[in-house]
Structures are given as structure tokens and as C-alpha cells.
Amino acid sequence: MTSAHNLLGEPPATLLPGNPEADASLAAGADPAEVAAAHPTVSAAWAALAEAALDRAARHGDAALPATVEAYAYARTGYHRGLDALRRNGWKGFGPVPWSHEGNRGFLRCVTLLARAAGEIGELGEQERCAQLLRDCDPNLAA
């Protein structure tokens, strides 16, 4: 006999709902700033902004600091909006938040980008906390 009860006591995975309008806009190539302005709770829009800023930083070499700080701010915003969404959906600060669920990817991208930007500005404690959060959310993201 099988049981749906988790014998290890781990909470069930938290699966964030998507935002079809914002997701469609981003998929169609809309400006992520416009999507973030129209849908400020959508972490995927903030992740897209952070990615663009980190791409600019990579192209600017020694003059990359302003774009890296911009990426940090965008990623941190998306991270906090994602934490709010997770809590609204039953997450208690621990437990799985799997990458395999499309609705979770914006938040997880923000955590990844926040870790990267934090590392690039020398905020190693923040980088490690983000890396640990990713491992806790989905062990497949550990790398």
C-alpha cells in the first residue's frame, strides 16, 4: 500500500501560480521594464531586468560596477516579491520550491542572479545565503 503522506516530514512543494498576461508579454519580447511596471509582483520581469543589467556589465569590463549594482537591485526586488508570493501560497520559509514548476522559475532566477551580483560586488555572505536557499529550494540547482 502506498501513502501520499510524506514520512520525512518535509512540507509539500510550493508551486507558485503564473501570471499569464505577464508571462505572454515576456515571451513575446516585451520590454521587461514595461512588464515589471504593469506587473510589479512578477519575479520573472525583475529577473529579465537583472539579466539584461548583468549582460551590460559583462560588456563594460572595468566600468561594469553601475550595471552590476543595478542587476543586484533588480534581482533583490524580484527575490522579495517572490518571497511574498511564496508565503501567500503556504511556504513557511523552508521546503521545496522546484525549478520544474514554471511558476517558480522567476523567483529562482532572481535568487540565482542575486547570488551572482552579490559575488561580483564582494558581498560573499549574501552570495552564500542565496546559494544555500537555492540548494534548499531545489537540490538540482546546487551547481
Item to complete: Only residues in the stretch 50-78 that are in contact (Cβ under 8 Å) with a residue 40 or more places away in the chain and closer than 19 Å to Pro40 by Cα count as the first member; pair them with residues that are of a type in the set (Val, Ile, Thr) and assigned to a loop (DSSP other than H, G, I, E, B), Cβ under 7 angstrom, at least 6 apart or cross-chain, and list the lot.
Response: Tyr72/Ile121
Worksheet, complete the sentence: A careful count of residues in the stretch 76-105 that are aliphatic (A, V, I, L, M) and part of a loop (DSSP other than H, G, I, E, B) gives 1
Worksheet item: In the set Leu108, Leu134, Leu83, which member is touching a Ser or Thr at 6+ places or on another chain (Cβ under 7 Å) and either of a type outside the set (Gly, Ala, Ser) or on the phi > 0 side of the Ramachandran plot (or both)?
Response: Leu134
Discussion item. Looking only at the stretch 106-143, filter to residues that are at pLDDT 95 or above and part of a loop (DSSP other than H, G, I, E, B); which one of those is nearest to Ala57 (Cα to Cα)?
Written reply: Ile121
Fill in: Pairs, first over 15 Å from Leu134 (Cα atoms) and touching a residue at least 24 places away in the same chain (Cβ under 8 Å) in the stretch 86-102, second among the charged types (D, E, K, R) and part of a helix (DSSP H, G or I), C-beta under 9 Å, six or more apart
Glu102/Asp23
Discussion item. So, Arg81, is that one under 24 Å from Ala22 (Cα atoms), surrounded by 15 or more Cβ atoms within 10 Å (Cβ to Cβ), within 12 Å of the chain's Cα centre (by Cα) and at pLDDT 95 or above or not?
Written reply: yes
Item to complete: Mind counting the residues in the stretch 90-111 that are touching a Leu at 6+ places or on another chain (Cβ under 6 Å) and surrounded by fewer than 22 Cβ atoms within 10 Å (Cβ to Cβ)?
Response: 3
Worksheet item: Any residue in the stretch 112-121 that is of a type in the set (Asp, Glu), surrounded by fewer than 21 Cβ atoms within 10 Å (Cβ to Cβ), over 24 Å from Pro32 (Cα atoms) and touching a Phe, Trp or Tyr at 6+ places or on another chain (Cβ under 9 Å)?
Response: no
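Residues are listed down the side, and each one gets a yes or a no for (1) hydrophobic (A, V, I, L, M, F, W, C); (2) under 19 Å from Leu54 (Cβ atoms):
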residue	(1), (2)
Arg81	no, yes
Gly90	no, no
Pro98	no, no
His101	no, no
Cys110	yes, yes
Ala115	yes, yes
Item to complete: Would you be able to say whether some residue in the stretch 8-20 is modelled with pLDDT of 95 or more, assigned to a helix (DSSP H, G or I) and loosely packed, with under 10 Cβ neighbours inside 10 Å?
Response: yes
Worksheet item: Any idea which of Ala57, Ala37, Ala73 is surrounded by fewer than 12 Cβ atoms within 10 Å (Cβ to Cβ) and outside any loop (DSSP other than H, G, I, E, B)?
Response: Ala37
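The values are calculated or read from the model by the stated rules, or taken from the named source; none is laboratory data. These numbers come from a predicted model, not from an experiment. Here the Cβ is made from the backbone with ideal geometry for all residues, glycine too, and neighbour counts use every protein chain on show.
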